[in-house]
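To start, the structure itself, in structure tokens.
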Amino acid sequence: MLDQALAILFEFLPIYAAVYAINVFLYFATGWVLIKIQNRHPERRIQQNRRGEKRMWKEIRASVLSLTVTAGCLAGGIFLSLKGWTLVSPLELSWWSFILMFAISVIAFDTWFYWMHRFMHTKLMYRFHAEHHRSVAPTVWSTYSDDLVDAFVMQSYYLFAVIILPIPVVVLIAHRLWDHFNGTIGHSGFEFYASPMSRMPSPMVCVTFHDQHHSRFRYNFANFFSFWDRVCGTIDPKYDEQVKVFEKLGEQPDPKPVVPGE
């Protein structure tokens with residue numbers, strides 16, 4: 001029994017190591033690219049009177065640690081699927097199954113994220129979520145600045161989804177990549193994406209959506225869409241209004257880029 005357990009562990013570890021390394025690389029690479037863009041457009045900062053960058057190194061340390069859990073959830077889901085230890089078999093990979101299961105997974109994750117996020121805001125669980133909310137003005141480094149329990153609750157979708165949904169491994173990985181870029185941009189604190197497609201009646205959101213969650217705490221719990229927040233009455237009452245403000249900013253000619261040292 002012990003030999004079998006060790007064999008499974010040694011089979012899992014290379015997958016886990018690869019997933020963790022890629023996650024850490026993408027964390028730094030995406031953050032660096034976004035900061036280069038943001039530095040040229042200070043007028044796009046959502047919370048003009050706050051500088052979340054002051055917490056940069058604390059957030060990086062917390063993120064590198066919490067990514068051990070996030071990577072473990074994804075690697076675990078991949079491993080379960082590859083071993084066939086699921087209740088349903090993944091669909092055979094094709095262009096139509098990729099699109100179908102990607103859409104289903106994104107919608108399912110948004111539902112998971114909304115309700116788990118609200119759970120983390122309960123009196124029982126908020127002590128594990130408080131670390132993430134120390135970033136009142138989030139930055140690209142805030143995305144994974146979580147307590148380990150918080151990271152597991154929010155990211156364990158990737159571990160459990162393959163058990164009950166016929167998601168091919170490639171689709172699960174593609175979804176996680178989409179979630180990474182969406183999450184990093186959503187925490188960036190700079191609004192480049194405001195448009196009529198990110199406010200009523202559209203269910204899509206822009207950076208302002210999650211930024212308001214960090215600054216006002218009691219609103220905007222979902223991830224990809226505003227559907228659950230609108231249905232459950234947790235949408236920030238100022239969200240659509242603020243999106244319109246950034247829409248107008250986007251219609252104006254870009255000012256001369258700010259070049260350090262000028």
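Some values worked out for this structure:
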item	result
Kyte-Doolittle at least -1.0, axis length at least 15 Å by Cα - qualifying DSSP helices, the chain	2-38, 56-83, 95-120, 169-186, 239-251
By average C-beta atoms within 10 angstrom, highest first, the peptides 74-80, 201-207	74-80, 201-207
Dipole moment magnitude, nearest 20 debye, the chain about Cα centre, only Lys, Arg, Asp, Glu C-beta charged	740
Listed residues ALA71, HIS133, VAL19: farthest to the positive end of the dipole of the chain (Cβ charges)	HIS133
Stretch gain in nm, segment LEU148-LEU26, where the contour uses 0.36 nm per residue and the Cα spacing is subtracted	42.0 nm
Violating pairs (Cα-Cα greater than 30 angstrom) within the set LYS123/LYS248; LYS36/LYS123; LYS83/LYS123; LYS36/LYS58	LYS123/LYS248; LYS36/LYS123; LYS83/LYS123
The chain: calculated mean residue ellipticity at 222 nm from DSSP helix runs of at least 4, using -39500 (n - 2.57)	-20500 deg cm²/dmol
Three-way shape label, the chain, alpha-carbon gyration tensor, a/c 1.5	prolate
Cβ charges +1 (Lys, Arg) and -1 (Asp, Glu), total dipole of the range 35-146, debye	720
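FYI, it's all coordinate maths here, none of it is from the lab. Keep in mind the model is a prediction, meaning the values are calculated, not measured. When we count neighbours, we look across all protein chains shown, and the Cβ atoms used for this are built from the backbone with ideal geometry, even at glycine.
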